[in-house]
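Scroll down for the structure; my scribbles are underneath it.
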Amino acid sequence: MLRHSTPCYASEASEVRVSPSTKMMIMSTSVGPHRSCRSLLLGLVVLVQLSATHRIMMNQRTQSHRRITMQTPAIIRETQKHQDVASKKMQVMLGMCQEDREIELKNIPKTFPLANTIPNPTPEEIAENTITDMVDVMTKVKEKEGNRDPVMNNLMEKMKEMTATMEVNTGIGTHRPGETAQDFEERIKELLSISGIEALLPLDCGRNPRSPMDPLDAELLPWVAALGSSEDGRFHYRCTGALITNQHILTDADCAASANINIVQLNVTKALPEPFAVENYVVGRRIHPSIRGPTDFLNGSNIGLLELAMPVFFNDYIQPICLPGVFDTPDPLALGEGTIVGFNSIIDTPQGRLASLNILRNSRVLGSSICFTAIRLVNERFPDQESTLYTLLTEDHICADRIFESVGKSILLQEDSTTNRVKLVGVGGIANALRSNPIAYTLVQKHRFWVELVLKKFMDNTSERRT
C-alpha cells in the first residue's frame, strides 16, 4: 500500500510576502487536488520575483555607477575651474618670465585707499604735501641706511630749519603769510639746489634724434633698455627699463633687487638678443625704501635704480628719458593716452632667451581714481571674472587699458605735445591673474625726489672715489 508523502505546504506560522499580483497568479493556478503543492509554487514564484528584483537593482546600480563615472570628470573639471578662479582672483602678476613671481593676497581688505572720490587739491595743498612727502622719503631712507650718510643728515637738518621758519597760521599751514604756492615751490627748489638736488638729471632728455617730430612713432626708441643676465656669453632677458642718466637705469624694484640681472642692452630695435646692442654691466642697485617684503611691490612703490659700470655716450641711438618734475601733479581723474614698451614672445633656447620688442602705442591711460571705478563697474557686470586689483590701487598708481600678458614687465611713456619730449610715467606694472586688464603702474612722479636722493649719493660717492 502506497503511502502519500507529507504535504509540502508552508507552515501557517510562516509568512512569505509577495505582491498582490503574484498572489492572484498563485490562486488561479492552485486548484483541484494539487492544492498540497501550492506552497511549493508560491516559493518558486517568490524566488523568480526576487531574482528579477535583484537584476533590476543591479541594473540600476550599474546605470547609476555609469552616470556617476561619466559625470565625475565634468564635476571635477567644474570644481577645479571654481578653485582656479578663486585662486587666480587672489593672485597678482609681476611679469611673464618663469622667474617672475605671483604674489598671493591673503584676503580682500574691507577698506580701500581709493574708495572715496579724490578731491582736487589746491596749489597750496600741493606745495605743502610736497615737502611732507620729501621728509617722509628722507626718513625712510635714513631708517634703512642709518645715520652714516652725510647727505641724508644734511638734508634732514635743512628741512628742519626750513620747517622752523614756516609760520603756522591754522595749525596745519606750512607757508609764510602772503606767500603763494609758487613762492613756496621756489623756496623748496632753492633748498634742493643748495643740497645738490634737482640738478643731476640731464636737462636735454626725452629726444628721439631719428624721429624728432614724432619720437614715439619710430622703430627705435633710444631710451629703452633690456635687462637680463649673461650666461656663458648668452643674453638672458628678464626686465624692461629706461635710461635716465649716462649711468643709471630706472626699472621695477623687484628687477633692481634681483642679483641675476647683471647686464643691460641698449640700442634695441626688434628682438633679443640684439646683435647691434650696446652692452653695459650692473655694478649697483637700489630699491625704494618702502619695499620691505614681497607684498610691498603692490603698494605703488615698485621702483628701483640700477647703476652701470661705465658711462654711456649719448648719440642718435641712445638717449636719456625725461622724468616728471617734483612739482608735477598727477590727476587721479585723468583720461589720456600713452605708449607701453615691453618684450613678449619670450622663448628659452640654446642661444639664450629670445624676446621681441613690443610697443603698444595709443594705449588708454587712466588716473588712479578712474581706474578704481572702472574695475569695480566691470566686476559688477562680470562677477565670475572679478578682479581684486582695485583693492590695491593708491594715488601712487596709474593704469593702462591693456592686457598684461601682451607685454609683461614694461614701462609706460607719454609725450609732451608742446616740446615733443618723452617722459617716463610708470614702471613696475602689476595685474590680476584672473583678469589681467588693466595694468597698474607705479607713478614715477611720486618718487622723483627719491630718485634725486639716490643720484645725489651716487655722485658724492663717485667724487670721493675720484679724489
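Within 18 Å of the chain's Cα centre (by Cα) and in contact (Cβ under 8 Å) with a residue 24 or more places away in the chain: is that true of Ser290 in this structure? Lay out the reasoning, then the answer.
Details: within 18 Å of the chain's Cα centre (by Cα): yes; in contact (Cβ under 8 Å) with a residue 24 or more places away in the chain: yes.
Spelling it out, Ser290 is indeed within 18 Å of the chain's Cα centre (by Cα) and in contact (Cβ under 8 Å) with a residue 24 or more places away in the chain.
Would you pick out the residues in the range 370-420 that are outside any loop (DSSP other than H, G, I, E, B) and in contact with an Asp or Glu (Cβ under 8 Å, 6 or more places away or on another chain)?
Residues satisfying the conditions are Asn379, Gln414.
Gly300: not in a loop (DSSP other than H, G, I, E, B) and not hydroxyl-bearing (Ser, Thr, Tyr), yes or no?
no
When the range 259-272 is examined, which residues are found to be surrounded by fewer than 20 Cβ atoms within 10 Å (Cβ to Cβ) and touching a residue at least 60 places away in the same chain (Cβ under 8 Å)?
Selection gives Asn260, Thr269, Lys270, Ala271.
Okay, residues lined up against (1) at pLDDT below 65; (2) in a helix (DSSP H, G or I); (3) surrounded by 13 or more Cβ atoms within 10 Å (Cβ to Cβ):
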| site | (1), (2), (3) |
| --- | --- |
| Pro109 | no, no, no |
| Leu114 | no, no, yes |
| Ile131 | no, yes, yes |
| Thr139 | no, yes, yes |
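Among the residues of the range 425-434, is any in a loop (DSSP other than H, G, I, E, B), under 30 Å from Leu105 (Cα atoms) and open to solvent by less than 60 Å² (accessible area, probe 1.4 Å)? Don't jump to the end; show me each part of the working.
Going through the range 425-434, the residues in a loop (DSSP other than H, G, I, E, B) turn out to be 433-434.
Narrowing the set further to residues that are under 30 Å from Leu105 (Cα atoms) leaves 433-434.
Add one more test, that the residue is open to solvent by less than 60 Å² (accessible area, probe 1.4 Å), and what stays is 433-434.
Yes, because at least one residue in the range 425-434 is in a loop (DSSP other than H, G, I, E, B), under 30 Å from Leu105 (Cα atoms) and open to solvent by less than 60 Å² (accessible area, probe 1.4 Å).
Condition test on Leu412, is it modelled with pLDDT of 90 or more, of a type in the set (A, V, I, L, M, F, W, C) and within 23 Å of Pro330 (Cβ to Cβ)?
Details: modelled with pLDDT of 90 or more: yes; of a type in the set (A, V, I, L, M, F, W, C): yes; within 23 Å of Pro330 (Cβ to Cβ): yes.
Yes; evaluated as a whole, the condition is true for this residue.
Out of all the residues in the range 247-255, is one or more assigned to a loop (DSSP other than H, G, I, E, B) and not hydrophobic (A, V, I, L, M, F, W, C)?
Yes, there is a match, as at least one residue in the range 247-255 is assigned to a loop (DSSP other than H, G, I, E, B) and not hydrophobic (A, V, I, L, M, F, W, C).
Of all residues in the range 236-258, count the ones that are more than 19 Å from Leu424 (Cα to Cα) and open to solvent by less than 10 Å² (accessible area, probe 1.4 Å).
1
For the range 330-388, give me each residue that is of a type in the set (Lys, Arg), open to solvent by 10 Å² or more (accessible area, probe 1.4 Å) and in contact (Cβ under 8 Å) with a residue 24 or more places away in the chain.
Within the range 330-388, Arg361, Arg364 qualify.
Looking at (1) of a type outside the set (Gly, Ala, Ser); (2) over 20 Å from Thr251 (Cβ atoms); (3) assigned to a helix (DSSP H, G or I), which one does Asn362 not meet, given that it meets all the others?
Only one criterion in (1) of a type outside the set (Gly, Ala, Ser); (2) over 20 Å from Thr251 (Cβ atoms); (3) assigned to a helix (DSSP H, G or I) is unmet by Asn362, namely (3).
When the range 215-241 is examined, which residues are found to be in a loop (DSSP other than H, G, I, E, B) and over 21 Å from Ser410 (Cα atoms)? Explain how you work it out, then say what you get.
Going through the range 215-241, the residues in a loop (DSSP other than H, G, I, E, B) turn out to be 215-223, 232-233.
If the condition is that a residue be in a loop (DSSP other than H, G, I, E, B) and over 21 Å from Ser410 (Cα atoms), then Asp232, Gly233 are the ones that fit.
Is one or more of the residues making up the range 454-464 in a loop (DSSP other than H, G, I, E, B), over 19 Å from Val92 (Cβ atoms) and either at pLDDT 90 or above or not polar (S, T, N, Q) (or both)?
In the first step, residues of the range 454-464 are kept if they are in a loop (DSSP other than H, G, I, E, B); the result is none.
Checked the range 454-464: no residue is in a loop (DSSP other than H, G, I, E, B), over 19 Å from Val92 (Cβ atoms) and either at pLDDT 90 or above or not polar (S, T, N, Q) (or both).
Are any of the residues in the range 222-233 closer than 17 Å to Asp316 by Cα and surrounded by fewer than 22 Cβ atoms within 10 Å (Cβ to Cβ)?
No, every residue in the range 222-233 fails to be closer than 17 Å to Asp316 by Cα and surrounded by fewer than 22 Cβ atoms within 10 Å (Cβ to Cβ).
The values are calculated or read from the model by the stated rules, or taken from the named source; none is laboratory data. Keep in mind that this is a model prediction, so the values were computed, not measured. Every residue, glycine among them, receives a Cβ derived from its backbone with ideal geometry; neighbour counts consider all protein chains shown. We work out accessible area using only protein heavy atoms, side chains counted, and drop any ligands, DNA or RNA first. Shrake-Rupley method; radii C 1.70, N 1.55, O 1.52, S 1.80 Å.
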